[in-house]
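The values are calculated or read from the model by the stated rules, or taken from the named source; none is laboratory data. Predicted, not measured: the structure shown is a model, and the values here were computed from it. Cβ placement follows ideal geometry from the backbone for every residue including glycine, while neighbour counts extend to all protein chains displayed. Surface areas here come from the heavy atoms of the whole protein model, side chains and all, with no ligands, DNA or RNA. Shrake-Rupley method; radii C 1.70, N 1.55, O 1.52, S 1.80 Å.
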Amino acid sequence: MAEVGTGFLEQLKSCIVWSWTYLWTLWFFIMLFLVYILRVPLKINDNLTTVSMFLNTLTPKFYVALTGTSSLISGLILIFEWWYFRKYGTSFIEQVSVSHLRPLLGGVDNSAPSAASAAGGDADSNRQSVSECKVWRNPLNLFRGAEYNRYTWVTGREPLTYYDMNLSAQDHQTFFTCDTDHLRPADAIMQKAWRERNPQARISAAHEALELNECATAYILLAEEEATTIVEAEKLFKQALKAGEGCYRRSQQLQHHGAQYEAQHRRDTNVLVYIKRRLAMCARKLGRTREAVKMMRDLMKEFPLLSMFNIHENLLEALLELQAYADVQAVLAKYDDISLPKSATICYTAALLKARAVSDKFSPEAASRRGLSTAEMNAVEAIHRAVEFNPHVPKYLLEMKSLILPPEHILKRGDSEAIAYAFFHLQHWKRVEGALNLLHCTWEGTFRMIPYPLEKGHLFYPYPICTETADRELLPSFHEVSVYPKKELPFFILFTAGLCSFTAMLALLTHQFPELMGVFAKAFLSTLFAPLNFVMEKVESILPSSLWHQLTRI
């Protein structure tokens, strides 16, 4: 019974809402009819005559000032709308209309689904959108002290956003701390240090922890933030490795003695893997690429289950530097699997290997005459697959957009991932003869296969709509975020631009040719009101002249 009553109330409410959408039109015509009937007692004709006489006495300077002021106000609105659109990707007027005015006018709020839909398909789509917009740790993130801070010293710009650094702080607390840290003074100090926002306070806390004990996480913090060169960072990481291995061996023997020991062993494992991975990255940056490859392979064999660090992406980049393409193909065969999450590194490296087989002899003119061979078709399909996964990468590889330092976190399929990939892999594409030429000739063909990327994809899920918002949080303000699909200018920007231009033109013409503009204005107004005068004459001819007297008698 309760469900029947609720359904009846919903139907009644929908009927009332539907009726009000049309009753306002009837109310409008009734008001017009009353105004027409009451035009004599209200002296509407006399008032209109007075207004017209007042307007005729105004000088052209008044109209110049009026149109000029209108142009100035619409210009200011245009500037604000353009700034808001560039910063947030939407129109301020449209956002206010949808968020505040639409509910007041009885509009339906699509963001609040019904209980049935929330329990069904909408919940699944919401979970999918959340997973698509998940932010990941950048496997190739730079060192703060030796690289990010050096950029700040040279340019005066901050390459990292507060949101990005806050995510890093959360990662450090997750990987490098556990519930038993308060039992060890050095670890207790480091537990507080990872929560500090001030870099100098974190560094001071790390030195304080080292005075108490050989603390691996303290060495990690100093290597990441205090070391000003990669050589200094490598020395500190080697000291951290010595301390981390000792802690790992001790916790490994006690891991089965209880939940606390298991959590401590998990923390020590994360610390050890992080140290070895950063040491391999130091070796790669210092030119010892073969040593770095060996360290990464050993690390992946020793800890095969820790795929969350994405060490295989570091390995792929190092193997490409060695031009060991057979080894790269072997790694891709393991990780470019349909059941595993994709990344720009996986997709574009696969495309690079297939392009390498045909790019040196590829010619657009010859391909248009004879058609594409099987190998060329495979290369083009691989490029289309990579571009569909992340459409922002080609602009950076083809140097159509300037690169910046990659952030510490990336959004897969977003501009942040494209920057992180191109920053390290552009040199590998340049090394393969003709690869960038093949990419330049074929990458835009991807968009013909997916005309509506937000609704339906070809090889992947539809492109997530949340990438622009997340990338604006991850990337510095001086970088122009790449947006896909390209957004058209909102209506109100075009409207205010047209209004500003039109009123400015009227002000200029009225100032230069006041008499001629007056003639045009009178002709325009007479033409505008001609249909209304015609309707009023017809109504007066149909209605009796004594209708007002009959209504007053009633």
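At a glance:
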item: Test: residue in the stretch 358-378 that is within 30 Å of the chain's Cα centre (by Cα) and open to solvent by 60 Å² or more (accessible area, probe 1.4 Å); result: no
item: Residue match in the stretch 492-501 (condition: open to solvent by 70 Å² or more (accessible area, probe 1.4 Å) and either modelled with pLDDT of 75 or more or charged (D, E, K, R) (or both)); result: yes
item: Failed criterion for PHE520 (all others in (1) assigned to a helix (DSSP H, G or I); (2) at pLDDT 75 or above; (3) open to solvent by less than 80 Å² (accessible area, probe 1.4 Å) hold); result: (3)
item: Breaking point among (1) outside the structural domain of ASN270 (by the TED database); (2) assigned to a helix (DSSP H, G or I); (3) among the charged types (D, E, K, R), for ASP337; result: (2)
item: Residue in the stretch 206-223 that is open to solvent by less than 50 Å² (accessible area, probe 1.4 Å), in contact with a helix residue (DSSP H, G or I) (Cβ under 9 Å, 6 or more places away or on another chain) and touching a residue at least 60 places away in the same chain (Cβ under 8 Å) present; result: yes
item: Unmet criterion (only one of (1) surrounded by fewer than 16 Cβ atoms within 10 Å (Cβ to Cβ); (2) closer than 16 Å to TRP429 by Cβ; (3) at pLDDT 90 or above) for SER402; result: (2)
item: Hey, LYS401 under 26 Å from HIS479 (Cα atoms), in a helix (DSSP H, G or I) and not assigned by the TED database to the domain that holds LEU160 or not; result: no
item: Matching residues in the stretch 156-187 - criterion: being open to solvent by 70 Å² or more (accessible area, probe 1.4 Å) and part of a helix (DSSP H, G or I); result: TYR162, TYR163, GLN170, THR174, HIS182, LEU183, PRO185
item: Only listed residue being within 23 Å of GLU147 (Cα to Cα), touching a residue at least 40 places away in the same chain (Cβ under 8 Å) and crowded, with 22+ Cβ neighbours inside 10 Å, chosen from ASN310, ASN314; result: ASN314
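Condition check ((1) part of a helix (DSSP H, G or I); (2) open to solvent by 20 Å² or more (accessible area, probe 1.4 Å)) across all residues:
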residue: GLU417; (1), (2): yes, no
residue: ALA422; (1), (2): yes, no
residue: ASN437; (1), (2): yes, yes
residue: CYS441; (1), (2): yes, yes
residue: LEU459; (1), (2): no, yes
residue: GLU480; (1), (2): no, yes
